[in-house]
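Accompanying notes for the structure given below.
The values are calculated or read from the model by the stated rules, or taken from the named source; none is laboratory data. In this text the structure is predicted, and so the values were computed from the model without any measurement. No Cβ is skipped: glycine too gets one built from the backbone with ideal geometry, and neighbour counts run over all protein chains shown. Quick note on the areas: whole protein, heavy atoms, side chains included, nothing else; ligands and nucleic acids left out. Shrake-Rupley method; radii C 1.70, N 1.55, O 1.52, S 1.80 Å.
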Amino acid sequence: QVQLVESGGRLVQAGDSLRLSCAASGRTFTYYAMGWFRQAPGKERELVAASSNGGNTVYADSVKGRFTISRDNAKNAVDLQMNSLKPDDTAVYYCAARNGATIYYASARYDYWGQGTQVTVSS
């Protein structure tokens, strides 16, 4: 089992930057591939960025060049740095973990989820 707690979401203006953090506890963090997902009202949950336990990363096309995922295995933490935020980035952001090395885009592949943190970007 692993427990995930997100923090850092808030109301910001378009063009601002924001950093989300996810603290993990439980089993050894390095066993897990980690992902950040988001879900806007009326939309499906989508992968924003993910990091394998080996440090490989993937990003949604909509955030490439603006968002950066980083993990610190020593601190059992994974962050999402979000720059040049747009109103379309407004969503609840979730941290997720899957037991294994492979990164998947599908949310169903992830085993553990945080409670989510709201990010609202005003125009």
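Hey, if you drop one equal point scatterer on each alpha-carbon of segment 1-104 and run the Debye formula without solvent, what base-10 log of I(q)/I(0) do you get at q = 0.10, 0.16 Å⁻¹?
-0.25, -0.65
Can you give me the relative contact order of the chain as a percent, contacts being Cα pairs under 8 Å and 6 or more apart?
Working: 311 pairs, mean separation 45.2, N = 123.
Relative contact order for the chain comes out at 37 percent.
Using θ = phi - 60° and the Karplus form 6.51 cos²θ - 1.76 cosθ + 1.60, what ³J(HN,Hα) does each residue of segment 14-23 get, whole Hz, x for Gly and Pro?
4, x, 6, 10, 8, 10, 9, 10, 10, 9
If you average 1/r across every pair of different Cα atoms in segment 43-123 and take the reciprocal, what Kirkwood value do you get, in Å?
Computed over Cα pairs of segment 43-123, the Kirkwood hydrodynamic radius comes out at 13.5 Å.
In a shell of Cβ-Cβ distance under 11 Å around Arg10, excluding Arg10 itself, what net charge do Lys and Arg (+1) and Asp and Glu (-1) give? Mind dumping the intermediate values first?
Values: positive: Arg19; negative: Asp16.
Around Arg10, the charge tally is 0.
Add +1 for every Lys or Arg and -1 for every Asp or Glu among the other residues with Cβ under 13 Å from the Cβ of Ser51, and state the total.
Combined, the nearby Lys, Arg, Asp and Glu give 0.
Provide the per-residue ³J(HN,Hα) series for segment 71-82, in order, calculated from phi with Karplus coefficients 6.51, -1.76, 1.60 and θ = phi - 60°, each as a whole number of Hz, with x at glycine and proline positions.
10, 10, 5, 5, 9, 6, 9, 9, 10, 10, 8, 10
First select every other residue whose beta carbon is under 11 angstrom from the beta carbon of Lys86; then total the charges, Lys and Arg +1, Asp and Glu -1.
-2
Heavy-atom accessible area per residue, the chain, 1.4 Å probe: how many Å²? List each step's numbers first, then the result.
Numbers: 6120 Å² over 123 residues.
Solvent-accessible surface per residue comes out at 50 Å².
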